[in-house]
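Reading through the structure tokens given below for one structure.
Bear in mind that the values in this text are calculations on the coordinates, not laboratory data. Computed from a prediction, not measured in an experiment: that's the story for all the values here. Using ideal geometry, Cβ is built from the backbone for each residue, glycine included, and neighbour counts are taken over all protein chains shown.
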Amino acid sequence: MGKQQILVIGAGGQLGSELTQGLWNLHGKENVIATDIKAPQGILATGNFEILDVLKEEAFSEFIRKNKFTQIYHLAAVLSATGEKNPKFAWNLNMNSLIQVLDIAVEYKIEKVYWPSSIAAFGPTTPKIKTPQDTVMDPTTIYGISKQAGERWCEWYYKNRGLDVRSLRYPGLIGYKTKPGGGTTDYAVDIFFKALTDKKFECFLKPDTYLPMMYMDDAVKATIDLMEAPAEKINERASYNISAMSFCPSEIATEIRKHIPEFEITYNPDFRQAIADSWPRSINDSAARIDWGWEPKFDLSTMTQDILKNLPALL
Ligand code: SER
């Protein structure tokens, strides 16, 4: 593999901002162009950054022609809870931007494309415990439907256009450097901020709602490991299950209380409860482990320690 020129779309988001830094470390800051529809915040502003709306076809195409990218990471999306409030907007952004990126990648002979799927691609009749790689998928949210359809588009471009496109079904991603926006798993991020600032947190999910989750460091590592793996090791061209931990709100509260004993949690479930109830409780990621050696580093305890050690300096 020669020198890489990397494009990150949606770099201002929760995953994008940390993944961009992971890509700086791997490929050199000068070889990564981060883009978003909004101006960059914090550390992102110190690297190459351009405002880019992938739905504006001509401008996007011109941008790709000028920059000679070898890889595209396409992360722009509306998440599950926000998507339910504005379904057509979510569908348009999530779906049409993907097709646009896949088309452009074929046209400009981009070597590799990354696109994230999610546990939201599963649904109420999917087996909930250790959800298999290949199983029933009946997503109930527009976000989930766009992820399920997107997986099929990725596989179609691989099979019919020879595009090296790779994908992961992320669980809820937990980081403290950039807050998520509009997801059902966001409570597991907000809880750390509120634990430090208010010593109490009102949760929008019930205490025993188990969901698969992953610390951001592991998510960045999984993404880069997948993209760096030799193409012949990638047997799954729709999207790989990946997993790190599963917990429910009462368990994360107990873990936080080991560090902040006075922390209190209350529960006031809203419309996001039904979304969470439709998703798996845990994930079988053996295909990712076997094919390209996936292994998470963080569990609930080590993640909680790391966040509570580092977040106070940012508040
Ligand atoms: N974290 C996302 C959400 O809650 C799921 O991929 O919408």
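DSSP assigns beta bridges within the chain; of those with both partners inside it, close to 10 percent run antiparallel. Measuring how big segment 138-184 is from its alpha-carbon positions, Rg and Dmax come out at 13.8, 40 Å. Straight-line cross-link partners of Lys309 among the lysines, defined as a Cα under 19 Å from its Cα and at least 8 positions apart when in the same chain: Lys177, Lys179, Lys194, Lys199, Lys200, Lys258, Lys297. Residue separation of Phe89 and Lys177 scaled by 0.36 nm, minus their Cα-Cα distance, works out to 29.0 nm of gained length.
For segment 70-184, what does the relative contact order come out to in percent, with C-alpha contacts under 8 Å and a separation of six or more? Don't skip to the answer; put the middle values down first.
On the way: 178 pairs, mean separation 39.9, N = 115.
Once normalised by length, the contact order is 35 percent.
Give me Rg/Rg_expected for segment 1-117, where Rg uses Cα atoms only and Rg_expected = 2.2 N^0.38 Å with N residues.
Values: Rg = 13.7 Å, N = 117, 2.2 N^0.38 = 13.4 Å.
Its radius of gyration relative to the 2.2 N^0.38 Å reference: 1.02.
In this simple spin-label model, placing a label point 7 Å from the Cα along the Cα-to-Cβ direction at both Leu55 and Lys128 gives a separation of 3.5 nm. Across all C-alpha atoms in segment 158-272, the radius of gyration and Dmax reach 17.3, 57 Å.
Restrict the search to segment 222-294; then list the trypsin sites (Lys or Arg not before Pro) that DSSP places in a loop and that have at most 16 other Cβ atoms within 10 Å of their Cβ. Loop-located and lightly packed - Lys258.
Given R₀ = 30 Å, FRET efficiency for Lys297-Arg257 by Cβ-Cβ distance, to 0.05?
Numbers: r = 24 Å, r/R0 = 0.79.
So, using R0 = 30 Å, E works out to roughly 0.80.
Over the chain, dividing the summed -39,500 (n - 2.57) contributions of all DSSP H runs of at least 4 residues by the number of residues returns a 222 nm mean residue ellipticity of -11500 deg cm²/dmol.
Computed over the Cα atoms of the chain, what is the ratio Rg over Rh, Rh following Kirkwood?
Reported Rg/Rh, Kirkwood definition of Rh: 0.95.
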